[in-house]
């Protein structure tokens, strides 16, 4: 067997710094992933004691989000219930290093989730037998894919999960619609390679969205937009279209074997006879839930929408209470 090191000295220094400086509340931390340094917020319970062991959650958020958005909303509430909770900026996002900024690449993000799990595993106050994963929206598809083979997670949950990118492209778009997108992405990739210039586009189509739309209300206002979080951007590299269609958590759902909780808002499910709208994302989670291995649970938050489950207290409180109940059933 040939053994190589993965910057172990640097990682140990990061561990020591965290152990020495950790306190109750919100802690700024860093850890290594794919040779670069990622920035995170580590939420800890009141009266935190580093000599004790705590159940811990690693969180990965919606498309292009940074650690202060949905992750912080859930981190504070989970810490209040006695959990350690890590929300972090993925490679190229927010305060994290990475040359290509705001690159929503599912495969890169899944590697960062795995490294976040590894980082948490170095912390003596993290109970490795009670380590859980939570994915929001886009990461609702990434977290289950990680958990298929990463059995360090005792259970996982998703909130407003976008579980099947493959279906969102190949399932609803024709060859004639897809080919121009792929060709645009390929041209952007070639330009970036030759010149170092990355072409960005309005990935969420927010510039053309009605301000009354719930997505606009979240991403383009002081609620959670750039006005409040200057590091956030709703733009993404055009070559996103090369990788986004290649992931489908639903395809791997039968092989998950890790306990799964899917949480969706009631209004994310179309009513009988209602035309499907962009934020009718509930069927993606139900499709994953139906295909997933046991044990599994599905929880519908009454009156909640896809986006309101990001940060609206009355809805998030229900999601957090259900996660706490679910996670407490499982340990390694």
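Considering only the stretch 214-237, how many residues are assigned to a loop (DSSP other than H, G, I, E, B), touching a residue at least 60 places away in the same chain (Cβ under 8 Å) and farther than 27 Å from residue 99 by Cα? The number of residues fulfilling the criteria is 1. All conditions but one from (1) more than 19 Å from residue 93 (Cα to Cα); (2) touching a residue at least 12 places away in the same chain (Cβ under 8 Å); (3) touching a strand residue (DSSP E or B) at 6+ places or on another chain (Cβ under 8 Å) apply to residue 169; the one that does not is (3).
Within the stretch 137-151, can one find any residue that is surrounded by 15 or more Cβ atoms within 10 Å (Cβ to Cβ) and in a loop (DSSP other than H, G, I, E, B)? Yes, the stretch 137-151 contains a residue that is surrounded by 15 or more Cβ atoms within 10 Å (Cβ to Cβ) and in a loop (DSSP other than H, G, I, E, B). Scanning the stretch 300-332 for residues that are at negative phi and part of a loop (DSSP other than H, G, I, E, B) returns 302, 304, 305, 306, 307, 312, 328, 329, 330, 331, 332. Within the stretch 65-82, can you find the residues that are touching a strand residue (DSSP E or B) at 6+ places or on another chain (Cβ under 8 Å), surrounded by fewer than 24 Cβ atoms within 10 Å (Cβ to Cβ) and outside any helix (DSSP H, G or I)? Result: 68, 82.
Of all residues assigned to the stretch 268-278, none qualifies as being under 18 Å from the mean Cα position of the chain (by Cα) and touching a residue at least 60 places away in the same chain (Cβ under 8 Å). Scanning the stretch 307-322 for residues that are buried (at least 21 other Cβ atoms within 10 Å of the Cβ), touching a residue at least 60 places away in the same chain (Cβ under 8 Å) and over 14 Å from residue 76 (Cβ atoms) yields 307, 308, 309. Filter the stretch 115-151 for residues that are within 25 Å of residue 289 (Cβ to Cβ), touching a strand residue (DSSP E or B) at 6+ places or on another chain (Cβ under 8 Å) and without any contact (Cβ under 8 Å) to a residue 40 or more places away in the chain and give the result. The answer is 146, and nothing else. Kindly evaluate residue 162 against the criterion of being in contact (Cβ under 8 Å) with a residue 60 or more places away in the chain and either under 28 Å from residue 220 (Cα atoms) or part of a loop (DSSP other than H, G, I, E, B) (or both). Yes: the conditions hold for residue 162.
Where a number appears in this text, it was derived from the coordinates with a stated rule and is not lab data. Everything quoted here is computed from the prediction, not taken from an experiment. All Cβ positions, even for glycine, are placed from backbone atoms using ideal geometry, and neighbour counts span all protein chains on display.
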